[in-house]
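Comments concern the structure below.
The values are calculated or read from the model by the stated rules, or taken from the named source; none is laboratory data. On a predicted model such as this, the values are computed, not experimentally measured, just so you know. Every residue, glycine as well, gets a Cβ built from its backbone with ideal geometry; the counts of neighbours run over all protein chains shown.
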Amino acid sequence: MMDSQERLISLSTRVLTNILTPLGYEFSMATSEHADGIQLMITSPDARFLIGEDGDRLDDLQYLVNRIVQAEWEDAPRVRIDCDRYRERAEAKLLRRARAKAERVLETGKPLMMERLNAYQRRLIHNELAKMPGIVTESEATESRFKRITISRAE
C-alpha cells in the first residue's frame with residue numbers, strides 16, 4: 001500500500017506526463033517535498049514554451065494537474081510545478097519587490113499597492129511581510145482572481 005506522498009507523486013507525475021508527451025515535449029522530471037505538498041521540477045530544452053509569458057503556461061499546467069489530481073483524489077495535497085527553476089526565481093524577485101515597498105512604507109508612512117497577483121502570490125507576500133514589524137497587508141475585496149495587495153504601516 002502506498003503512503004499519501006507516494007500516491008501524490010505517482011498520480012501527479014502520470015498526469016503531467018500524459019499532458020506533455022502527446023504535445024511532443026522533451027522533458028525530464030524530478031520530485032521534491034514542498035510546503036503544501038510536492039513539487040514537480042521539469043527540465044526541458046523546450047522550457048520557454050512550457051513556462052510561457054511571465055509563467056502563464058506554467059500556471060496553467062499547474063492548475064490542470066491539480067484539477068485532474070483532485071478529480072481522482074478529492075483532498076489531495078497541492079502539486080506545485082516549476083520548470084528550469086523559473087518559478088523559484090520569479091518568487092524570489094516578487095518577494096524582493098514586496099519587501100522594498102514595505103521598507104518604503106515604513107520610511108514614508110504612505111501605503112503602497114502591489115501589482116495584480118494570483119492567490120498563491122498574494123499568500124507568499126502576506127506571509128513574508130507578516131514577518132516585518134510595523135507592516136500590515138490587505139488584499140482588495142473583489143471577485144477577480146487577480147487582486148492587489150495594499151501594504152500599510154501598522155497602527
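List, please: which pairs have Cβ atoms under 6 Å, are six or more places apart or on different chains, and start with a residue in the stretch 60-73 that is under 12 Å from residue 16 (Cα atoms) and end with one that is at pLDDT 95 or above and among the hydroxyl-bearing types (Ser, Thr, Tyr)?
65/12; 69/12
Only one residue in 50, 117 is of a type outside the set (D, E, K, R) and at pLDDT 95 or above. Which one?
Matching residue, one of 50, 117: 50.
Which of the residues belonging to the stretch 10-58 are β-branched (Val, Ile, Thr) and either under 21 Å from residue 77 (Cα atoms) or out of contact with any Cys (no Cβ under 9 Å at 6 or more places or on another chain) (or both)? Let's see the steps before the verdict.
Of the residues in the stretch 10-58, the ones β-branched (Val, Ile, Thr) are 13, 15, 17, 19, 21, 31, 38, 42-43, 51.
Answer for the stretch 10-58, where residues must be β-branched (Val, Ile, Thr) and either under 21 Å from residue 77 (Cα atoms) or out of contact with any Cys (no Cβ under 9 Å at 6 or more places or on another chain) (or both): 13, 15, 17, 19, 21, 31, 38, 42.
Taking the conditions exactly as written (touching a strand residue (DSSP E or B) at 6+ places or on another chain (Cβ under 9 Å), under 23 Å from residue 124 (Cα atoms) and buried (at least 16 other Cβ atoms within 10 Å of the Cβ)), does residue 41 satisfy them or not? Give the derivation first.
Values: touching a strand residue (DSSP E or B) at 6+ places or on another chain (Cβ under 9 Å): yes; under 23 Å from residue 124 (Cα atoms): yes; buried (at least 16 other Cβ atoms within 10 Å of the Cβ): yes.
Against the criterion (touching a strand residue (DSSP E or B) at 6+ places or on another chain (Cβ under 9 Å), under 23 Å from residue 124 (Cα atoms) and buried (at least 16 other Cβ atoms within 10 Å of the Cβ)), residue 41 qualifies.
Of everything in the stretch 97-121 that's more than 27 Å from residue 58 (Cβ to Cβ) and hydrophobic (A, V, I, L, M, F, W, C), which residue is farthest from the chain's Cα centre (by Cα)?
First, pick out the residues of the stretch 97-121 that are more than 27 Å from residue 58 (Cβ to Cβ): 103-112.
Keeping just the survivors that are hydrophobic (A, V, I, L, M, F, W, C) gives 105-106, 112.
Values: 105: 25, 106: 27, 112: 23 Å.
Checking each candidate, the answer is 106.
Just to check your reading of the model, which residue among 124, 129, 112, 106 is surrounded by 13 or more Cβ atoms within 10 Å (Cβ to Cβ) and farther than 21 Å from residue 155 by Cβ?
Values: 129 fails: farther than 21 Å from residue 155 by Cβ; 112 fails: farther than 21 Å from residue 155 by Cβ; 106 fails: farther than 21 Å from residue 155 by Cβ.
Just a single option satisfies the conditions, and that option is 124.
Taking only the stretch 137-155 into account, find how many residues are of a type outside the set (Asp, Glu), more than 15 Å from residue 95 (Cα to Cα) and either assigned to a loop (DSSP other than H, G, I, E, B) or over 21 Å from the mean Cα position of the chain (by Cα) (or both). Quick ask: steps written out before the conclusion?
Filtering the stretch 137-155 for residues of a type outside the set (Asp, Glu) gives 137, 139, 141-142, 144-154.
When the remaining residues are screened for being more than 15 Å from residue 95 (Cα to Cα), the result is 139, 141-142, 144-147, 152-154.
This time we only want the ones that are either assigned to a loop (DSSP other than H, G, I, E, B) or over 21 Å from the mean Cα position of the chain (by Cα) (or both), so: 141-142, 144-146, 152-154.
Qualifying residue count for the region: 8.
Has the stretch 100-109 got any residue that is touching a strand residue (DSSP E or B) at 6+ places or on another chain (Cβ under 7 Å), at pLDDT 95 or above and closer than 28 Å to residue 40 by Cβ?
For the stretch 100-109, residues touching a strand residue (DSSP E or B) at 6+ places or on another chain (Cβ under 7 Å), at pLDDT 95 or above and closer than 28 Å to residue 40 by Cβ: absent.
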